[in-house]
Amino acid sequence: MAHDTPIKGKLIDGKAFAADLRAKIAEEVAALKAEYGVTPGLAVVLVGEDPASQVYVRNKGEQTEAAGMYSETRRLPADTTQEALLEVVAKLNADPRIHGVLVQFPVPAHISQMDVVAALSPDKDVDGLTVTNAGRLASGLPALAPCTPTGCMMLIKDAIGDLKGKTAVVIGRSNLMGKPMAQMLLAADCTVTIAHSRSQDLPGVVRQADIVVAAVGRAEMVKADWIKPGAVVIDVGISRFPARDPEAAAAGKTRLVGDVAFDEVREVAGAITPVPGGVGPMTIACLLANTLTAAKRLSGIA
Ligand code: NAP
């Protein structure tokens, strides 16, 4: 039946969902402390002074403490050698107060991201980046899975319910986001396509999807005529632009823009995440959830 009025997609409120999740985690942390005397601990390592990374790291520290966990932030200068960074990681791997270790990426160009990931203990790899955790996720075994796709899955399940048989298109194939996202959708019985910079007829591919996850980093790339009416659209991408207000822009303030042309896509989608306030808050909440899981496993509780 034709619609006289346009469909307006439901706004998926990641901020509220994440706040609920953090509250549940805080309750579990309190119970873990009371019953077993275990306080989950998360260490975040930042090398250099990238402004966006500084904000992420500060937020992680604050939210870790707010959940009742032990938080440690190591800020290292931009000229830290790879050897020195790997030493810090090795110490955190061995520290019994710490159950989760996260090195904030990107690291400066003289440090190999792959070598840093390889140095992480898989048991404390709360970003789910090690070969062990990626392999466990792909094999359907319990894993510490990457936080952002985990958060996306929660939002998608909340929006759709049963994902069985749905067609999903993930745009982006990074180890942190696109690949694990596809594994999770596959595990939920979706028919999954992973698109990337070499994909042909991307709008045509995306138009097949009941679920679209955009994780590219190109502002407003996904347009309304790419979207099947009623599809669930999850916007992971973040591009930073100067704030609209000239005074704020002059003071260095920025605004975030997603991969999806939000206003026009919302007219077609069944449900959609905004940027900011969609996927972003879920990432930190899932990091706390992974830290709690790691703490239980390392303490022999689960
Ligand atoms: P990434 O490693 O740079 O990967 C980007 C992917 O997009 C690549 O697979 C690339 O394809 C693909 N791509 C680039 N241009 C494309 C195009 N024109 N058409 C189709 N695909 C294209 O980035 P990432 O770490 O996955 O992150 C993706 C975005 O999500 C970034 O904006 C990042 O800031 C954001 N992010 C947000 C959160 C959050 O909490 N909200 C968390 C993580 C990431 P190739 O592989 O062919 O190069």
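Computed from the coordinates by the stated procedures, all read-outs in this text should not be read as laboratory data. Bear in mind that the values here come from a model prediction, so they are computed numbers and not experimental data. Heads up, the Cβs are rebuilt from the backbone with ideal geometry, glycines too, and the neighbour counts pull from every protein chain shown.
Over the range 83-151, the hull volume per residue, using the convex hull of the C-alpha atoms, is 92 Å³.
Placing +1 on each Lys and Arg Cβ and -1 on each Asp and Glu Cβ, with no other charges, gives the range 36-122 a dipole about its Cα centre of roughly 220 debye.
Based on every Cα atom in the range 146-281, Rg and the maximum pairwise Cα distance Dmax equal 14.8, 50 Å. Think of the chain as having a plus end and a minus end, set by charges on the Cβ of Lys, Arg, Asp and Glu; of Gly68, Tyr36, Ala26, Tyr36 sits farthest toward the positive end of this dipole.
With Cα atoms as the point set, the radius of gyration and Dmax of the chain evaluate to 19.8, 64 Å. Dipole of the range 36-122 computed with +1 at Lys/Arg Cβ and -1 at Asp/Glu Cβ about the Cα centre; of Val57, Pro108, Val88, farthest Cα towards the positive end is Val57. Look at where the Cα atoms of the range 217-281 and of the range 38-94 average out, and the two centres are 28 Å apart. Determine the shape class of the range 60-181: with a ≥ b ≥ c the square roots of the Cα gyration tensor eigenvalues, call it rounded for a/c under 1.5, and otherwise prolate if a/b is greater than b/c, oblate otherwise. In terms of gyration-tensor shape, prolate.
Given the Cα-Cα distance of Ala243 and Ala78 and 0.36 nm per residue of separation, how much length would full extension add, in nm?
Numbers: separation 165, 0.36 × 165 = 59.40 nm, distance 2.69 nm.
Full extension of this stretch gives 56.7 nm more.
What helices does the chain hold that run 15 Å or longer along their axis, going by alpha-carbon atoms, with a Kyte-Doolittle average of 0.0 or more, using DSSP H for the helix calls?
On the way: long enough: 14-36 (32 Å, 0.07); 51-66 (23 Å, -1.17); 82-94 (18 Å, 0.56); 147-160 (20 Å, 0.90); 279-298 (28 Å, 0.98).
Counting only whole DSSP H runs, the qualifying helices are 14-36, 82-94, 147-160, 279-298.
Note: the range 36-122, Cα convex hull, 82 Å³ per residue. Rounded to the nearest 20, the size of the Cβ-charge dipole of the range 146-281 about its Cα centre is 360 debye, with Lys and Arg at +1 and Asp and Glu at -1.
Any idea what the dipole of the chain comes to, in debye rounded to 20, about its Cα centre with Lys/Arg Cβ at +1 and Asp/Glu Cβ at -1? Before the final figure, lay out the partial values.
Details: 31 positive and 33 negative charges, 62 e Å.
Rounded to the nearest 20 debye, it is 300 debye.
Listed cross-link partners Lys60/Lys228; Lys253/Lys296; Lys60/Lys179 are compared with a 32 Å cut-off, the Cα-Cα value being larger for Lys60/Lys228; Lys253/Lys296.
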